[in-house]
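**Q** Quick one: the structure is below, questions incoming.
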Amino acid sequence: MRRDKGGENDDENRKRHWERSYVAFLPNLFIDMGCCIAQCKADGVPGHRRRLVMALEPIARRGLCLVLAAAPGAGKTSVSRALLATEPALSLSISATTRAPRPAEQEGVHYFFKTPEQFDAMVTQGEFLEHAHFLGRAYGTPRAAVEAALAAGHDVLFDIEWQGHRQMKANLPEDVVGIFLLPPSLPDLEARLRGRGQDSDVEIARRMAAAREEITHWDEFDHIVVNRDFETTVAAVRSILHAARSERRRQPGMAGFIARLLAG
Ligand SMILES: Nc1ncnc2c1ncn2[C@@H]1O[C@H](COP(=O)(O)OP(=O)(O)OP(=O)(O)O)[C@@H](O)[C@H]1O
Ligand SMILES: Nc1nc2c(ncn2[C@@H]2O[C@H](COP(=O)(O)O)[C@@H](O)[C@H]2O)c(=O)[nH]1
């Protein structure tokens with residue numbers, strides 16, 4: 001079951017979000033650039049060295065939301081972990097859920113575990129960027145950490161299902177890059193769920209049914225990757241991230257860099 005946010009507020013939310021983000025990082029960018037150049041001049045740094053400092057100056061960019069969705073068991077968690085291990089500028093959004101912790105899952109590391117009452121209170125207080133029900137449990141993305149990361153130019157990775165991706169795209173259309181992972185086949189998917197050894201037969205049957213439903217939403221995503229060979233999949237996801245980072249619209253500091261570049 002899906003619980004949507006008020007649709008008519010989406011435009012206003014988006015506008016406010018962008019305004020807040022830019023207002024937050026633009027002054028810092030100009031202060032940093034100004035201090036750097038002024039310090040070079042004050043120190044009598046020769047022109048060519050000053051230009052080197054300017055070239056090394058990071059170019060301001062806005063962070064992006066890399067959403068990794070898939071049928072349960074297709075490999076979101078494993079691929080996310082592998083990507084995070086090699087991408088220091090990428091952080092994982094920690095969701096809240098009413099699901100019980102699995103063995104070895106830790107509060108605040110894998111999820112924020114909530115009672116249904118606590119979760120509903122967070123919904124009422126507008127604390128979620130998106131939230132949805134999956135197999136009878138509630139899942140949601142806390143808003144504050146994501147907004148702060150994006151404004152600071154950091155990328156955030158989301159391991160969420162299709163309803164969450166759809167809401168994220170509605171709320172942050174400029175920021176979301178959606179990837180859908182597919183298993184090579186349904187028997188492979190079931191074998192992966194069983195091989196993981198974390199779910200009962202009943203839970204596996206429920207996840208296989210949910211998988212069929214999830215897969216019907218494949219065409220809502222920007223990128224589709226079939227997770228056959230694990231390393232190839234991680235490489236494909238990494239390439240998508242790197243390409244998205246270099247998109248012109250995500251680099252608002254590029255105009256300043258070009259101006260400095262052409263100024264010699
Ligand atoms: N390319 C692959 N080849 C073989 N096994 C894989 C591959 N990718 C992931 N797996 C394995 O499949 C199992 C399920 O993967 P994972 O837990 O990452 O899926 P998930 O999409 O996060 O599932 P869920 O949504 O149910 O939490 C794990 O045991 C994982 O090691
Ligand atoms: N819409 C959201 N979906 C989420 C979120 N966090 C996780 N999920 C998805 O739920 C299912 C089940 O997860 P599991 O940990 O119980 O296996 C899976 O598809 C996750 O991607 C969220 O914040 N929002």
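**Q** In region 88-121, what residues are surrounded by fewer than 16 Cβ atoms within 10 Å (Cβ to Cβ) and among the charged types (D, E, K, R)?
**A** Arg102, Glu105, Glu107, Glu117, Asp120
**Q** For Arg81, state whether it is outside any helix (DSSP H, G or I), among the charged types (D, E, K, R) and within 14 Å of ligand 2 (Cβ to nearest atom).
**A** Judged against the criteria, Arg81 is not a match.
**Q** If you don't mind, there's one more thing I want to ask. Within region 169-182, is even one residue within 16 Å of Lys76 (Cβ to Cβ) and open to solvent by 20 Å² or more (accessible area, probe 1.4 Å)?
**A** Yes: region 169-182 contains one or more residues that are within 16 Å of Lys76 (Cβ to Cβ) and open to solvent by 20 Å² or more (accessible area, probe 1.4 Å).
**Q** If you go through region 124-147, how many residues are open to solvent by less than 60 Å² (accessible area, probe 1.4 Å), more than 28 Å from Glu213 (Cα to Cα) and of a type in the set (A, V, I, L, M, F, W, C)?
**A** Final tally of qualifying residues: 0.
**Q** What number of residues within region 97-151 satisfy the criterion of being basic (Lys, Arg), outside any loop (DSSP other than H, G, I, E, B) and out of contact with any Leu (no Cβ under 6 Å at 6 or more places or on another chain)?
**A** 1
**Q** Within region 237-250, is even one residue assigned by TED's automatic domain parsing to the domain that holds Ser78 and farther than 27 Å from Ile59 by Cβ?
**A** no
**Q** For a quick check of your reading: which helices (runs of 4 or more DSSP H) sit entirely within region 155-264 and have at least 3 residues that are within 13 Å of ligand 2 (Cβ to nearest atom)?
**A** Passing ranges, in order: 162-171, 186-196, 201-215.
**Q** Still on this structure, please answer the following. Does Leu186 count as within 25 Å of the chain's Cα centre (by Cα), open to solvent by less than 70 Å² (accessible area, probe 1.4 Å) and either over 19 Å from Gln163 (Cβ atoms) or not β-branched (Val, Ile, Thr) (or both)?
**A** So Leu186 does not fit the description; no.
**Q** Select, from Ala132, Ala89, the only residue that is within 27 Å of Leu241 (Cβ to Cβ), small (Gly, Ala, Ser) and within 12 Å of the chain's Cα centre (by Cα).
**A** Residue meeting the stated conditions: Ala89.
**Q** Filter region 209-241 for residues that are open to solvent by 30 Å² or more (accessible area, probe 1.4 Å) and either more than 23 Å from the chain's Cα centre (by Cα) or among the charged types (D, E, K, R) (or both) and give the result.
**A** Applying the first criterion (open to solvent by 30 Å² or more (accessible area, probe 1.4 Å)) to region 209-241 yields 209, 212-213, 215-216, 218-220, 222-224, 226, 228-232, 235-236, 238-239.
Ala209, Arg212, Glu213, Asp219, Glu220, Asp222, Arg228, Asp229, Glu231, Arg238, listed by residue number.
**Q** So the check is Cβ under 9 Å with 6+ separation or different chains; which pairs have a first residue in region 59-82 that's free of Cβ contacts under 8 Å to residues at least 12 places away in the same chain and a second one that's aromatic (Phe, Trp, Tyr) and more than 12 Å from ligand 2 (Cβ to nearest atom)?
**A** Going by the 9 Å Cβ cut-off, there are no qualifying pairs.
**Q** Just name the residue that is nearest to Val225 (Cα to Cα) out of those in region 184-200 that are away from ligand 1 (no atom under 11 Å from the Cβ) and at pLDDT 95 or above.
**A** In this case the residue turns out to be Ser185.
The values are calculated or read from the model by the stated rules, or taken from the named source; none is laboratory data. Note that the coordinates shown come from a computational prediction; the quantities given were computed from them, not determined experimentally. Cβ coordinates were reconstructed from backbone atoms using ideal geometry, including for glycine residues, and neighbour counts include every protein chain displayed. The area values use the complete protein model at the heavy-atom level, side chains included, leaving out ligands, DNA and RNA. Shrake-Rupley method; radii C 1.70, N 1.55, O 1.52, S 1.80 Å.
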